[in-house]
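The values are calculated or read from the model by the stated rules, or taken from the named source; none is laboratory data. Since we're looking at a predicted model, the values are computed, not measured. Positions of Cβ are backbone-derived with ideal geometry, glycine not excepted, and every protein chain shown enters the neighbour counts. Accessible surface is based on the protein model in full, side chains and every heavy atom, while ligands, DNA and RNA are left aside. Shrake-Rupley method; radii C 1.70, N 1.55, O 1.52, S 1.80 Å.
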Amino acid sequence: MTDPFIRSFEDAGREGPLAGLRLAVKDLFDVAGVPTGAGNPRWLETHAVPSEDAVAVARLRAAGARVVGKTITDELAWSLNGTNAHYGTPDNPAAPGRVPGGSSSGSASAVALGRADIGLGTDTGGSIRVPASYCGLFGLRPTHGRVSLEGAVPLAPSFDTAGLLTRDAATLRLAMGVLLEGTAEAGPITRLLAPQDIWDEIAEATTAAVWPQVEAMGLPIDRAPFFTADAGDHPLEAARVAYATLQAWEAWQAHGEWIEANEPAFGPGVAMRFANAAKLDSADIAAAQRVRSGVTALVRDRLRDGVALAIPAAPGPAFPIGDAPNREAIVRLTCIAGLAGAPGLAVPAGTVEGLPVGLQLVAAPGGDERLLELA
């Protein structure tokens, strides 16, 4: 197993609402005077040491949190596995011998191990929600744009968000209150949408573990399908493909020039995804944008008036290190929030064969505080 920290250190700390809480920072965020490596040695070699904190780091520090180190991330944040070909696989104490989930793998591991109280991460396509599920943690992917990403390495800017992982809901709510900007939706979550068409795709063991947590919230549950009758034969898969296409396009726009100039060595999965991203054309993007618009409209229509989508955060528990994950099955569950720019909250829900699995709650954009209150 691998230590989650790529660089350990500790602030003196300040007064504030987060005083006494330890902060682990994903190695995408700048910390003044500390290299930002983005999970790849070539990135580390070709970028200067930052002189200022990323905005999210600065705000958490100003509120009293003490940075205790920079944590391993999957390369350029483009993975949900939690493995890194250069720096190893951070430990998952909730599922020994299994991955912690990525790409906020080190931050999740540090919190799960009790070596930090708050893990700062990013979530583009599930990189907070999946590690939270695998490690038995709470994690919030905020509404797109409500937490500043200034001073953080991008992946796919129209999907990228910065959020937190914690061991309890109260700490998550407190710390996210420091980061969230903009106007919040008023009122509580009053009803859950647990669509039959999405839950039908979930393995029986995961459903048995997660469904009781849905019922335990004590809210009315609507089982109506999420997708409309005219959405085609496999609308959730179409949403996944659209998400993957747009993410890849944006990732290549963000990093293609650097990759071609510097020829970094990537692990096999990341290398394959960048190679495929370079081949996309405008027709691919136009088709994916149409699907994205449809999913966004559905989210805004179905999650109005205090309704939250309730689905598993991942298809099952963490997979063993060395096994090949079913990436497509994971993204089918995480892509709805990403496509719509909506907030997604992962909460511990139960276990499958003793391994944690999480429940994912998605609200309409701006509903972050509603989700935190519900948690």
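Of everything listed in (1) part of a helix (DSSP H, G or I); (2) open to solvent by 50 Å² or more (accessible area, probe 1.4 Å); (3) of a type in the set (Gly, Ala, Ser); (4) farther than 25 Å from Glu45 by Cα, the single unmet condition for Ala239 is (2). Going by the conditions given, is Met176 hydrophobic (A, V, I, L, M, F, W, C), under 15 Å from Ile311 (Cβ atoms) and surrounded by 13 or more Cβ atoms within 10 Å (Cβ to Cβ)? No; evaluated as a whole, the condition is false for this residue. Residues that are touching a residue at least 24 places away in the same chain (Cβ under 8 Å), over 24 Å from Phe274 (Cα atoms) and β-branched (Val, Ile, Thr): does the range 46-57 have at least one? Yes, some residue in the range 46-57 is touching a residue at least 24 places away in the same chain (Cβ under 8 Å), over 24 Å from Phe274 (Cα atoms) and β-branched (Val, Ile, Thr). Considering the range 28-57, the residues that are among the aliphatic types (A, V, I, L, M), out of contact with any helix residue (DSSP H, G or I) (no Cβ under 7 Å at 6 or more places or on another chain) and within 17 Å of Glu10 (Cβ to Cβ) include one that is surrounded by the fewest Cβ atoms within 10 Å (Cβ to Cβ), namely Ala32.
Among the residues of the range 4-22, those identified as closer than 26 Å to Ala254 by Cβ and either of a type in the set (A, V, I, L, M) or open to solvent by 40 Å² or more (accessible area, probe 1.4 Å) (or both) are Ile6, Arg7.
For the range 105-130, filtered to residues that are within 14 Å of Ile72 (Cα to Cα) and under 8 Å from the mean Cα position of the chain (by Cα), the residue that is surrounded by the fewest Cβ atoms within 10 Å (Cβ to Cβ) is Thr122.
On the basis of being open to solvent by 50 Å² or more (accessible area, probe 1.4 Å) and either closer than 27 Å to Ala318 by Cβ or not charged (D, E, K, R) (or both), does Pro225 make the cut?
It is true that Pro225 is open to solvent by 50 Å² or more (accessible area, probe 1.4 Å) and either closer than 27 Å to Ala318 by Cβ or not charged (D, E, K, R) (or both).
I'd like to know if the range 356-369 contains one or more residues that are β-branched (Val, Ile, Thr) and surrounded by fewer than 20 Cβ atoms within 10 Å (Cβ to Cβ). No: zero hits. The test for being of a type in the set (A, V, I, L, M) and open to solvent by less than 30 Å² (accessible area, probe 1.4 Å) does not hold for Ala184. Does Ser148 qualify as being more than 16 Å from Gly344 (Cα to Cα) and in contact with a helix residue (DSSP H, G or I) (Cβ under 7 Å, 6 or more places away or on another chain)? Yes; evaluated as a whole, the condition is true for this residue. Looking at the range 130-145, is at least one residue aliphatic (A, V, I, L, M) and farther than 20 Å from Arg332 by Cα? Yes: the range 130-145 contains one or more residues that are aliphatic (A, V, I, L, M) and farther than 20 Å from Arg332 by Cα.
Cβ separations smaller than 7 Å between residues 6+ apart or across chains give the following pairs from the range 7-32 residues that are of a type in the set (A, V, I, L, M, F, W, C) to residues that are loosely packed, with under 13 Cβ neighbours inside 10 Å: Ala32/Ser51.
Which members of the range 154-167 meet the condition of being open to solvent by 10 Å² or more (accessible area, probe 1.4 Å) and either over 22 Å from Ala65 (Cβ atoms) or touching a Gly at 6+ places or on another chain (Cβ under 9 Å) (or both)? Within the range 154-167, Pro154, Pro157, Ser158, Arg167 meet the criteria. Just one of (1) surrounded by fewer than 22 Cβ atoms within 10 Å (Cβ to Cβ); (2) in contact with a Leu (Cβ under 9 Å, 6 or more places away or on another chain); (3) among the polar types (S, T, N, Q) fails for Ser282. It is (2). Within the range 313-342, residues that are more than 11 Å from Arg129 (Cα to Cα) have Cβ atoms under 8 Å from residues that are among the aromatic types (Phe, Trp, Tyr) and open to solvent by 10 Å² or more (accessible area, probe 1.4 Å) in these pairs: Pro325/Phe319, counting only partners at least 6 apart in sequence or on another chain.
Among the conditions (1) open to solvent by 10 Å² or more (accessible area, probe 1.4 Å); (2) assigned to a loop (DSSP other than H, G, I, E, B); (3) over 14 Å from Ala346 (Cβ atoms), Ala94 misses just one, which is (3).
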